[in-house]
Each structure stands twice: as C-alpha cells, then as structure tokens.
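Below is one structure, written out as structure tokens; the observations come after it.
The values are calculated or read from the model by the stated rules, or taken from the named source; none is laboratory data. The structure presented is a predicted model; accordingly, all values stated were derived computationally and were not measured. Neighbour counts are summed over all protein chains in view; Cβ atoms, including those assigned to glycine, are modelled from backbone coordinates with ideal geometry. Heavy atoms of the whole protein, side chains included, go into the accessibility calculation; ligands, DNA and RNA do not. Shrake-Rupley method; radii C 1.70, N 1.55, O 1.52, S 1.80 Å.
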Amino acid sequence: MTNEIKNRIVSGMRPTGKLHLGHYFGVLKNWINLQKEFESFFFIADWHALTTKYNQTDDMKKNVEDVLLDWLASGIDPEISTIYLQSLVPETAQLHIYLSMITPQNWVERDPTLKDLAKIMKDKQENISNLSYGLFGYPVLMSADIMLFNSNFVPVGIDQVAHVELTRDIARRFNNIYNVELFNEPQPKLTQTPLLKGLDGNKMGKSFNNDIKISDTPETTEKKFKSAITDRNRIRRDDKGNPDNCEVVFDYWKLFGSTDEQKEICEGCKMASIGCAECKKKLTAKINKYMAPIREKRQDLEKHPDYLKNIIYEGSKKAQIKAKEVLSKVEDAIKMYK
Ligand code: TRP
C-alpha cells in the first residue's frame, strides 16, 4: 500500500435535520481533530436517509443544508477535508452493485444495526414488510461508501462498528474471489468521549425531543435545560442533593465546566447552598458561551447559499476523482468489458 492510502479516513451522516450536542461532542470534534492528520472524506449520506425516509422527502434539501452548516460551523474545514454529498458521487451506487453481488444474504441478515432498525419500524407500528430492499442493503451501501476510497479508518460511534466489520469481510471476500489485493480492511476509529445523554436521561435524539441543537439560541438552550432531569430525591430547595444521582446535569458540567467549577457545584449541591434552578442557569450560561462562536459562524454561513452549494459540488467532484480510480480497478478485477 502506498503512504497516501495508508492515511485515509471516511465517515458520513444521514441528513435527518439539525445536529445536536451529542453529534458535536460524540462525532464532530473527533472528525475535526482527525482531519488534521488524515486525508479525510466526510459525506452527507442522503441515500442512506432514503432507506427509511423514502416517503418523507419534503425536507431533504433543507436537511442536507443543515448538516453542512453544522459541520462547517463546528470546524470541518473544506480546505483540508473533502466534503461531499453521497448522491453526487454516483460511483458509490456502482460499487454498491458490485459488492451486492458478492455479499451473502445471511451476512446482511446478521447485521445487528439492521435488526435494530427493523425493530424500531415495528415499534412504530409500521408494517415490517416496509423494510425495503434498499434498507436491507443498508450495510452493503455503507461498505461501498467506505471501500470507494479504500479507506483504512472509519471514525464512527460504537453503534456502527458492526457495519465496519461487515465491510472488512466484504473487502476480504472481494480480494479472494477476484484474486487481487485491491482492498485493505478498514478499522473503526472509536470516539473517546462517552455518549452525551438527552435531557431526560435517555439517548439523545431529535425524535425524543430531549436534545440541544448546535444551532439553538441561548434562550432555547436555557428553556430546554430547565426541563432536564435532576436528582429525584431533591424535592425542596433546601433538600441536600447528590450529584451522583444527577447524572445528566453533571455530565454536562464535566464537559463545560472547569475542574474547580465542577467541584464548587458538587459541594453546593450536597450542602444545598445552590438550588437546581441556579445550577442549571449557571450551566446553560457556560454552554451558551462555549457554543457562541459556532452559532455565530453558522448564522453567517447561512447567508451565503452559493458558497455552501459550491462546497458540496467541488467536494463531490474531488471525491469522484478518487472514487473513479478505485472503481476502475474494481472493474478490471472483475474483468468487466471496457
Ligand atoms: N450509518 C451511518 C449512521 O447512521 C452513516 C453512514 C453511512 C456512514 N455510510 C457511512 C458512516 C460510511 C461511516 C462510513 O450514522
């Protein structure tokens, strides 16, 4: 393998709306650091969004723009990273076709994330037969995304690791079947930050209405945070609290407060010298201060739709150049007519 290929990463996100702090601390901060070290491809997975939202496409354009705005405002740098839109790099679909031919059906059936998705659909009372051919192919499409650049690392959350493992299996199988050493076996690159919980203590997600968006105003942030779950045993203002039973609020303090501030708040809570409302007010002030430059940049970028479009188009063109190289080798390996 050449040096260039050795240092390549790829990752994507489905455009399902504005991103929240869980995305920022769990994924984006990781990408922002990695982009300095690796040749990076970050893409908006609009085809993956269609695997479940094929009948709710009114917001597609807006969702793509929102993801892009959140990325750029957070610090994904189009000067050093390639930012692209999946559907503007149709080589993805071509590779997906080839990979789908060699992937045994039971490998896909085993995929735990797919099982989860199927369960979610069932829980939402959607007919299980609505699990479309496209959704079934989700993990193979994701393998195509990763293998399209012959990436070595895939920075993802723990929930996506099974997909990367499947990609390794598919890459190995391709090499074996066609007797080539074309694909390397990509590794997941896990984020160190633990998952940030939603304000109600559950997994953060927009459908649960428990998240704080990167783009929320300071007022909205404060209002939302007022509802955050606290120590249930601390009912009255002068009850003594226990920070260990106030995980959500203290997880945020760990992210946004200095060690001294954390200590001060902890003690104040235990001695009931500070109430929950005051603690939350202080905390949201910290969050808002931290997020201010990102939010400002986002508002600024929003005023320049042409600039945003240009980034997507230029990035997609750049990605296509690399993708075509790999695809051409794939077609040679399969001995397609050229
Ligand atoms: N499945 C990922 C998610 O839901 C998004 C994704 C699609 C992706 N293709 C990818 C991530 C390739 C990393 C690499 O978050």
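Taking Thr52, is it of a type in the set (S, T, N, Q), assigned by TED's automatic domain parsing to the domain that holds Val154, away from the ligand (no atom under 13 Å from the Cβ) and open to solvent by 20 Å² or more (accessible area, probe 1.4 Å)?
No; evaluated as a whole, the condition is false for this residue.
With respect to the numbered conditions (1) in contact (Cβ under 8 Å) with a residue 12 or more places away in the chain; (2) under 33 Å from the mean Cα position of the chain (by Cα); (3) surrounded by 13 or more Cβ atoms within 10 Å (Cβ to Cβ), which one is the sole condition not fulfilled by Ala277?
Tallying (1) in contact (Cβ under 8 Å) with a residue 12 or more places away in the chain; (2) under 33 Å from the mean Cα position of the chain (by Cα); (3) surrounded by 13 or more Cβ atoms within 10 Å (Cβ to Cβ), Ala277 fails exactly one: (3).
In the stretch 102-115, is there at least one residue being more than 12 Å from the ligand (Cβ to nearest atom), among the acidic types (Asp, Glu), under 30 Å from Lys335 (Cβ atoms) and touching a helix residue (DSSP H, G or I) at 6+ places or on another chain (Cβ under 6 Å)?
no
Out of Val161, Val67, Val154, Val108, report the one residue that is β-branched (Val, Ile, Thr) and not in a helix (DSSP H, G or I). Give the steps one after another, and end with the answer.
Details: Val161 fails: not in a helix (DSSP H, G or I); Val67 fails: not in a helix (DSSP H, G or I); Val108 fails: not in a helix (DSSP H, G or I).
Val154 is the lone residue from the list that is β-branched (Val, Ile, Thr) and not in a helix (DSSP H, G or I).
Which residues, taken from the stretch 256-274, are among the polar types (S, T, N, Q) and either within 14 Å of Gly241 (Cα to Cα) or open to solvent by less than 100 Å² (accessible area, probe 1.4 Å) (or both)?
Ser258, Gln262, Ser273, listed by residue number.
Residues of the stretch 197-225 being closer than 24 Å to Ser40 by Cβ and open to solvent by less than 20 Å² (accessible area, probe 1.4 Å), which ones?
Scanning the stretch 197-225 gives a single hit, Ile214.
List every residue pair whose Cβ atoms sit under 7 Å apart, with the two residues 6 or more apart in sequence or on different chains, where the first one lies in the stretch 36-62 and is at negative phi and free of Cβ contacts under 8 Å to residues at least 40 places away in the same chain and the second, anywhere, is open to solvent by 60 Å² or more (accessible area, probe 1.4 Å) and within 12 Å of the ligand (Cβ to nearest atom).
Within 7 Å, the pairs are Ala49/Arg14.
Tell me which residues, restricted to the stretch 315-338, are out of contact with any Ser or Thr (no Cβ under 9 Å at 6 or more places or on another chain) and open to solvent by 40 Å² or more (accessible area, probe 1.4 Å).
Lys317, Gln320, Ile321, Lys324, Glu325, Ser328, Lys329, Asp332, Lys335, Met336, Tyr337
When the stretch 152-172 is examined, which residues are found to be within 9 Å of the ligand (Cβ to nearest atom) and under 18 Å from Ala93 (Cβ atoms)?
Those that are within 9 Å of the ligand (Cβ to nearest atom) and under 18 Å from Ala93 (Cβ atoms): His163, Thr167.
Confirm whether Asn179 is polar (S, T, N, Q), within 16 Å of the ligand (Cβ to nearest atom) and on the phi > 0 side of the Ramachandran plot.
On the way: polar (S, T, N, Q): yes; within 16 Å of the ligand (Cβ to nearest atom): no; on the phi > 0 side of the Ramachandran plot: yes.
No: the conditions fail for Asn179.
What are the residues in the stretch 31-49 that are under 30 Å from Ser132 (Cα atoms), assigned to a helix (DSSP H, G or I) and either of a type in the set (Ser, Thr, Tyr) or open to solvent by less than 10 Å² (accessible area, probe 1.4 Å) (or both), if any?
His48, Ala49 - these are the residues of the stretch 31-49 that are under 30 Å from Ser132 (Cα atoms), assigned to a helix (DSSP H, G or I) and either of a type in the set (Ser, Thr, Tyr) or open to solvent by less than 10 Å² (accessible area, probe 1.4 Å) (or both).
From the set of residues in the stretch 9-30 that are away from the ligand (no atom under 12 Å from the Cβ) and basic (Lys, Arg), which is surrounded by the fewest Cβ atoms within 10 Å (Cβ to Cβ)?
My answer is Lys29.
Condition (residue is in a helix (DSSP H, G or I), under 23 Å from Leu68 (Cα atoms), away from the ligand (no atom under 14 Å from the Cβ) and modelled with pLDDT of 95 or more) applied to the stretch 197-220: is it met by at least one residue?
So far as the stretch 197-220 goes, yes, one or more of its residues are in a helix (DSSP H, G or I), under 23 Å from Leu68 (Cα atoms), away from the ligand (no atom under 14 Å from the Cβ) and modelled with pLDDT of 95 or more.
Quick grid of which residues meet (1) without any contact (Cβ under 8 Å) to a residue 40 or more places away in the chain; (2) assigned by TED's automatic domain parsing to the domain that holds Leu21; (3) closer than 19 Å to Pro112 by Cα:
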{"site": "Val140", "(1), (2), (3)": "no, yes, yes"}
{"site": "Ser143", "(1), (2), (3)": "no, yes, yes"}
{"site": "Asn150", "(1), (2), (3)": "no, yes, no"}
{"site": "Pro155", "(1), (2), (3)": "no, yes, yes"}
{"site": "Ile158", "(1), (2), (3)": "yes, yes, yes"}
{"site": "Glu165", "(1), (2), (3)": "yes, yes, yes"}
{"site": "Ile170", "(1), (2), (3)": "no, yes, yes"}
{"site": "Val180", "(1), (2), (3)": "no, yes, no"}
{"site": "Phe183", "(1), (2), (3)": "yes, yes, no"}
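Within the stretch 226-251, which residues are in contact with a Leu (Cβ under 7 Å, 6 or more places away or on another chain), of a type outside the set (Val, Ile, Thr) and either free of Cβ contacts under 8 Å to residues at least 40 places away in the same chain or on the phi > 0 side of the Ramachandran plot (or both)?
The one that is in contact with a Leu (Cβ under 7 Å, 6 or more places away or on another chain), of a type outside the set (Val, Ile, Thr) and either free of Cβ contacts under 8 Å to residues at least 40 places away in the same chain or on the phi > 0 side of the Ramachandran plot (or both): Ser227.
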